[in-house]
Amino acid sequence: MVLFSVTKKATTPFDGQKPGTSGLRKKVTVFQQPHYLQNFVQSTFNALPADKVKGATIVVSGDGRYFSKDAVQIITKMAAANGVRRVWVGQNSLMSTPAVSAVIRERVGADDFGIKYNMENGGPAPESVTDKIFSNTTTITEYLIAEDLPDVDISVVGVTTFSGPEGPFDVDVFDSTIDYIKLMKTIFDFESIKKLLASPKFTFCYDALHGVAGTYATRIFVEELGAAESSLLNCVPKEDFGGGHPDPNLTYAKELVDRMGLGKSSNAEPPEFGAAADGDADRNMILGKRFFVTPSDSVAIIAANAVQSIPYFSSGLKGVARSMPTSAALDVVAKNLNLKFFEVPTGWKFFGNLMDAGMCSICGEESFGTGSDHIREKDGIWAVLAWLSILAFKNKDNLGGDKLVTVEDIVRQHWGTYGRHYYTRYDYENVDAGAAKELMANLVSMQSSLSDVNKLIKEIRSDVSDVVAADEFEYKDPVDGSVSKHQGVRYLFGDGSRLVFRLSGTGSVGATIRVYIEQYEKDSSKTGRDSQDALAPLRTGGVTLEIGRSDRMDEPRVAPVPCLALKHGADSDKPVLFSISDATAIDNNGGVDIPGLTNGNAWVTPQGWIRVRSASDASTFLQNPQDPDGKIPLPHLPRELPSTCSCRLSGKPNGSESCIVLLVETEEDVTVLWYCRFGGGGEGEGWVRHEYDVGTQWDIRPGKEGQREKVPICSIAACRGKFYFNATPESVGVLEFTPTPTAPVFGSIAIADPLPGGYGVLGAALGFLVEAEDDLYMVRLLLDRDFETVYDLIVYKMDFSEQQWHEVDDIGGRAFLLAPAYFGASRAADECGLEKDSVYVPYAHKKCFEVCKVEEKGDIDVVNLIEAPDAKIGMWIMPTD
Ligand SMILES: O=P(O)(O)OC[C@H]1O[C@H](O)[C@H](O)[C@@H](O)[C@@H]1O
């Protein structure tokens, strides 16, 4: 038996070792500093009564991320030196957080890293313990370590016994999946889930994001329940999580989101059910086919169906609980089913006490955590098995039927019965800590006069119900009587809606403010609305409160560009903005805005500037979308033009040359343009209206067959000071303006060797003209016979000297952004976070945009816009070039 000795190492405290909502989280490099990890571990041992350490059994493990294996060896040596009797270590240092909890209960009593201490009930340490740990970290002077204890081979299952000054010390490396599966089998009916998974109508997909859940998923879903191996995504744990961020949400679980038809979609039919886990497998995201289940709904639905669907709960639920910011969907279930209900502060540890006291069976948090009293942690795999059990139950007599009851059916039925809590959360990250504190203090002080609060909000949105109560959430634990104060600020509305503000306990830089917005809708005929729409009034109300003054509502915060703006209708108010990279709405709190765009008389230009005619004083100007004060005045435009008008600038409006602003009316049967010249040091001229005639064409509109109509100008690009339009394989129209007095001159370029195939082989072709670095390009989209589906995309570059289009395979590392009515802009892809040599086209009515690499032509990626409103118009908002 190997003997080891104990060394006392001198150390000095590190700042900031305060455990947050769930342990101490820092960058790996911080934990790798000499003594950093050791100080925290010794402070933890020192925070416990001596008899909880000496002779104790502890479980040490990680989620497989980089440095986990080293940390396990260090902690083992420190445990030996501190008199621990036995250490259980997950094989390869892999153990999910729920498995740790299960194992403690059963056997014992990328670039971020964290260390968390769980107590003998298997749950996270309560504040009394974490406070003590923190205070120890501030005074620590030495730690104990068995430096001569050899590293244990943690890849091999088995016990190694060592001998130290206080007697034997065992390191037991074990496979935690065995305990975990055993536990799951006591909770769920694996046979009925197996039948569901065997049904040819049921398809399934699980994404472990290269975290530890992969190990459990393979064992449970594939080996035990018979799912196909191909249903597992990223299920091999990796030290760097495969370069991704293991967060089970719509942003980070991209591959799953795409596969489920919610993001980039392929032609494949999405699976019926999808789920993802985080790195340590305690959190989960549940998806149906093209459908996202909010975590708040998920826990409510599990609670509503548990007794019938999950054997462990067949004798009834002891109670249910949610964290304060989680939506009140669970409250309604508790009320209807007459269950005990608890609202606790954020952090899983608060559920543990209730469960230990037999008061709570199921609980959940909006932060993608769901679980039950089978352990004292949230449990990602458990949540998936719970959903599979509900699906299996709902389909038990229907597996041979035409259509299975789907996830979406279950959620919609639930809303129909209990009402729907439209819900969203916004995060302001990396905020100055002082400013965040001040904001929270303001939100608290405003609560002293609800009539003022209501007046403030009503000035902005009269359609928001009254705030009837407001407080700072405080929780008195019903079991041990401990009180947790300052747990977030709540504004509660008369119709059951809520606005909650809270400082995050897990952010690693500065402060993170979270705003939770929840609108309750009882009327079952209104539970199917678009969530963005339903939340719009409260969102604005939230910003009003947060800013604390309604008159500052016109001071918009600026959204990042390029982005996509979806407008509901021709003259609707504010468009919804979407980020291009993650396809989610960025108009995320009603305060983020693009100046000028809310105005019905605003048109975007490929140069980024937005041409605005103010609704209040009819002043006309070009607006920089990223700077509310960035306005270039234009001559007064005598009347409003239709919102479908298109606007082009002949060059840079803030350069030394004069610039023509061209507006083309695009209404049917209208061949009118407006123009003005300004800048360049010359006298500004007023707007001129010009009715143009660039020839006639056969009218193909129903009822007008056989007649001729004037050709409208629709695809226009400005290049080298001129405007080009209506490109066909045979010719391109040219519009230039003479200098003073400015007048339009129309001409055309006859293409020397016309392009083959005027139209698509099957349907039609759309030609977009785009200027890029002083060159003129034409993008032709070839459409299928439905006149909608693009099956090929070809890009040509104009050779002005030869008067010839040449097909190209790249566009110089740029990205082209096209939009109806024939808008084409171009930017350096790298600078804008876009894909190089790619073309982007939005389809507002289909709630998506398409991306195609120029050289790949017909290979088109569809990016679905998550939670997009019903919209007719999609516009690219560009940075000014
Ligand atoms: O404090 P926040 O950043 O909102 O995070 C809150 C979350 O933190 C951790 O993940 C805890 O395990 C969760 O129980 C909690 O909901």
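Taken together, the values in this text are just the output of simple stated rules run on the coordinates, not laboratory data. Keep in mind that this is a model prediction, so the values were computed, not measured. Here the Cβ positions follow ideal geometry from the backbone for every residue, glycine too, while neighbour counts run over all protein chains shown.
Below are the figures for this structure:
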item	result
Binned Cα-Cα distances of the range 421-546, short to long, each 5 Å bin given as a whole percent	2, 10, 19, 21, 18, 15, 9, 4, 1, 0
Cβ-based exposure ranking for Val152, Val711, in which fewest neighbours within 10 Å come first	Val711, Val152
Extension reserve of the Glu685-Phe746 stretch, reckoned as 0.36 nm per residue once the Cα distance is removed	19.9 nm
Listed residue pairs exceeding 19 Å between alpha carbons, taken from Lys18/Lys54; Lys201/Lys403; Lys254/Lys349; Lys289/Lys836	Lys18/Lys54; Lys254/Lys349; Lys289/Lys836
Rounded to 5, percent antiparallel among DSSP beta bridges of the chain	85 percent
Computed [θ] at 222 nm, deg cm²/dmol, the chain (DSSP H ≥ 4; -39,500 (n - 2.57); rounded to nearest 500)	-6500 deg cm²/dmol
Sum of side-chain charges, Leu637 neighbourhood, beta-carbon under 13 Å (Lys, Arg +1; Asp, Glu -1)	0
Span from the the range 187-227 Cα centroid across to the the range 432-497 one, whole angstrom	43 Å
Fewest-first sequence of Leu622, Leu209 by Cβ atoms within 10 Å of each Cβ	Leu622, Leu209
Whichever aspartates and glutamates have a C-alpha closer than 15 Å to that of Lys857, once near sequence neighbours (fewer than 8 apart) are set aside	Asp784, Asp792, Glu807, Asp809, Asp810, Glu835, Asp837
Total formal charge among the other residues, if their Cβ is under 15 angstrom from that of Thr76, Lys/Arg +1 and Asp/Glu -1	-3
Descending semi-axes in Å of the chain, equivalent ellipsoid built from Cα gyration tensor	57, 30, 28
Listed residue pairs exceeding 27 Å between alpha carbons, taken from Lys52/Lys378; Lys116/Lys476; Lys26/Lys340	Lys26/Lys340
Reciprocal of mean inverse Cα separation for the range 352-440 (Kirkwood radius, Å)	16.7 Å
Computed label-point distance, nm, for sites Glu657 and Thr417 using a 7 Å Cα→Cβ extension	6.8 nm
For the range 397-408, 3J(HN,Hα) per residue [Karplus equation, 6.51 cos²θ - 1.76 cosθ + 1.60, θ = phi - 60°, Hz, x = Gly/Pro]	9, 10, 5, x, x, 6, 9, 7, 6, 9, 4, 4
Fully extended contour minus Cα-Cα distance, from Lys396 to Lys846, at 0.36 nm per residue	158.5 nm
Neighbour-count order for Ile632, Ile610, Ile410, fewest beta carbons within 10 angstrom listed first	Ile632, Ile410, Ile610
Cα-based reach from Lys710 at 30 Å (exclusive), listing lysines while leaving out same-chain residues under 8 positions away	Lys567, Lys722, Lys797, Lys872
Amide H within-cut-off set for Glu272, under 5 Å, with H built and near neighbours excluded	Thr203, Phe204
Label point distance in nm, Asn336-Glu730, each placed 7 Å from Cα along Cα→Cβ	6.6 nm
